[in-house]
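Each remark here refers to the structure printed beneath this line.
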Amino acid sequence: MKFNPVTTAIAIALGALIAYGFYSFNDNALKVLLSLGSFLILSICLVFTIGGSYSYYSTNVNVRSTSLLFFTVAFISHFIFSFTQFSASVYIVTHGILLLLYVLVLYKLTRSI
């Protein structure tokens, strides 16, 4: 796996801007948790979507499409959490499971070849 430094930096900056948007539009007391969690999860997904590349074409396509799918699910989840009242434990468990499932799927995809 190779990371292109320019596209990786753009992916991280895009994740930071989205996280700032969630921070700005949220009136919940846990908006810092929501913005930090969204930065972490969305940046990781974006880095693997647009920042990285693999030597095998099929692995590259599978990792990018899976990362885009998890990015979309995480974005929708954070969008829903930004308009509802939630507890920290519900947020951490929900997005922790989502992130660990994403890492597991990526691990299985990259080890299949």
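Data for the structure
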| item | result |
| --- | --- |
| Odd one out for Gln85, checked against (1) modelled with pLDDT of 95 or more; (2) in a loop (DSSP other than H, G, I, E, B) | (1) |
| Which numbered condition Asn28 fails, given (1) crowded, with 18+ Cβ neighbours inside 10 Å; (2) at pLDDT below 90; (3) touching a Leu at 6+ places or on another chain (Cβ under 9 Å) | (1) |
| Filter result (among the aliphatic types (A, V, I, L, M) and either farther than 18 Å from Ser43 by Cβ or open to solvent by 40 Å² or more (accessible area, probe 1.4 Å) (or both)) within the stretch 93-113 | Val93, Ile97, Leu100, Leu101, Val103, Leu104, Val105, Leu109, Ile113 |
| Output for the stretch 1-25, where each listed residue is open to solvent by 80 Å² or more (accessible area, probe 1.4 Å) and either aromatic (Phe, Trp, Tyr) or assigned to a helix (DSSP H, G or I) (or both) | Phe3, Pro5, Val6, Ile10, Leu17, Tyr20, Tyr23, Phe25 |
| Residues located in the stretch 49-73, provided they are touching a residue at least 12 places away in the same chain (Cβ under 8 Å), open to solvent by less than 50 Å² (accessible area, probe 1.4 Å) and in a helix (DSSP H, G or I) | Thr49, Gly51, Thr59, Val63, Thr66, Ser67, Phe70, Phe71 |
| Residues being of a type in the set (Lys, Arg) and either more than 26 Å from Val61 (Cα to Cα) or within 11 Å of the chain's Cα centre (by Cα) (or both) - total across the stretch 1-40 | 1 |
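The values are calculated or read from the model by the stated rules, or taken from the named source; none is laboratory data. What you are looking at is a predicted structure, and each value in this text was computed from that prediction instead of being measured. All Cβ positions, glycine included, derive from the backbone under ideal geometry; neighbour counts span all protein chains shown. Keep in mind that these areas ignore ligands, DNA and RNA; they rest on the heavy atoms of the full protein, side chains included. Shrake-Rupley method; radii C 1.70, N 1.55, O 1.52, S 1.80 Å.
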